[in-house]
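K.L.:
Please see the structure below; I have some questions.
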Amino acid sequence: MSLTVLYRGPLSSCNYGCEYCPFAKRHETAEEHAADGAALSRFVAWALGRTHSPLRVFFTPWGEALTQVRYHEAMIRLSHASHMERVAVQTNLSARLDWLTEAKAERVGVWATFHPAWTTMERFLAQTERLRARGVHFSVGVVGFPEHRAAITALRAALPASTYVWINAVKKLVYAEDDVRFFESIDPLFRLNLKPHPSLGRACQAGETVIAVDGDGVARRCHFIPEAIGNIYQAGFEQALRPRPCTNATCGCHIGYVHLDYLELGKVFGAGLLERVPVHFSASSISQR
Ligand code: SF4
Ligand code: SF4
């Protein structure tokens, strides 16, 4: 059975300044960087040594990881391990991408968020071209603020049809139906993200085939339920992996609800589940390479 690990270490800084984000323009001290580096090294060593079944790793940092060379090196090393099915990352795509030349790019997944207030369309598109040229699986997305409709329209028009553009609904907004229709015209799965999904007592892969791991190795079933189920660095940890019904009333974030069994989103996203690329986009992007 393969295992998916959503890794989120202590890193909590970002070069962008999105006003809704607690990590905006936050800088870390040298000590904080060292602590994050040590935690990342330990995790990578664990992942490289866990060879008894296929592994998928998804870096879901608090802030922006790819501005730090240590995350390039981690992704390069993990991508070359034969038991690694995917190593993916959530990123604002602002940092240099030359490290991809050293990675096994067909195993790399990128979930790239476009922030119109913090970069130009030209720069962001140039970065997506670099991903495409390297054969990386990637999706592009935008936070669904209605005031960004013009930028989102331009982004969709500038990207090939084979590139999936997702829209993350701003949960505290009450969208006008016209805005919902607009966002749905960009992202056919937008309505799926618009409302939280009932999850209490429902079967979910989180805690069985998917876990969230922090910098100390503490494993939780997902990022949304704080209760620990064990520690990956302790012997026998994998005995803790078993089916667990969800204990939250709802699940509203893509990186959570994609694992809810009843939504059957494994069929929609297939091998592109981590980097949020639906199956039919994967097929078309591969055929156009
Ligand atoms: S790019 Fe992401 S991590 Fe950085 S400030 Fe914006 S929302 Fe926060
Ligand atoms: S449904 Fe969401 S909150 Fe519940 S266990 Fe799964 S990922 Fe976690």
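K.L.:
Would you compute the Debye intensity of the chain from its alpha-carbon atoms alone, equal scatterers and no solvent, and pass along log10 I(q)/I(0) at q = 0.08 Å⁻¹ to two decimals?
P.N.:
Per q value, in the given order, log10 I(q)/I(0) is -0.32.
K.L.:
What part of the accessible area of region 3-287, given as a whole %, is carbon or sulfur when the probe is 1.4 angstrom?
P.N.:
Heavy-atom surface of region 3-287 belonging to carbon and sulfur, 1.4 Å probe: 56 percent.
K.L.:
Could you pull out every residue, at least 5 positions away or on a different chain, whose amide H is within less than 5 Å of the one on His137? Hs are placed 1.01 Å off N in the peptide plane, and Pro or chain starts have none.
P.N.:
Val108, Val110
K.L.:
Let me ask something else about it. Report the Cα-based extents of region 97-201 along its three principal axes, largest first, to the nearest Å.
P.N.:
44, 39, 24
K.L.:
For region 110-115, take each phi angle, set θ = phi - 60°, evaluate the Karplus expression 6.51 cos²θ - 1.76 cosθ + 1.60, and give the result in whole Hz per residue in order, putting x for glycine and proline.
P.N.:
Values per residue, Gly and Pro as x: 10, 9, 9, 9, 8, 10 Hz.
K.L.:
Per residue, how much accessible area does the chain show when a 1.4 Å probe rolls over the protein heavy atoms, in square angstrom?
P.N.:
Solvent-accessible surface per residue comes out at 44 Å².
K.L.:
Another question, if that's okay. Quick one: check the C-alpha center-to-center distance for region 28-55 versus region 129-197, whole angstrom.
P.N.:
32 Å
K.L.:
Using a 7 Å offset from Cα along Cα-Cβ at Arg202, what residues in region 215-242 end up with backbone N under 19 Å from the label point?
P.N.:
So the set is 221-226.
K.L.:
Could you give each residue of region 80-88 its phi-based ³J(HN,Hα) in whole Hz, using Karplus coefficients 6.51, -1.76, 1.60 with θ = phi - 60°, and x for Gly or Pro?
P.N.:
8, 6, 5, 8, 8, 7, 7, 10, 10
K.L.:
Between their Cα atoms, which of Lys104/Lys267; Lys195/Lys267; Lys25/Lys172; Lys104/Lys171; Lys104/Lys172 are more than 29 Å away from each other?
P.N.:
On the way: Lys104/Lys267 25 Å; Lys195/Lys267 20 Å; Lys25/Lys172 23 Å; Lys104/Lys171 36 Å; Lys104/Lys172 39 Å.
Checking Cα-Cα distances, Lys104/Lys171; Lys104/Lys172 exceed 29 Å.
The values are calculated or read from the model by the stated rules, or taken from the named source; none is laboratory data. Nothing here was measured: the structure is a model prediction, and the numbers come from that model. Cβ coordinates were reconstructed from backbone atoms using ideal geometry, including for glycine residues, and neighbour counts include every protein chain displayed. Surface accessibility is based on the protein's heavy atoms, side chains included, excluding ligands, DNA and RNA. Shrake-Rupley method; radii C 1.70, N 1.55, O 1.52, S 1.80 Å.
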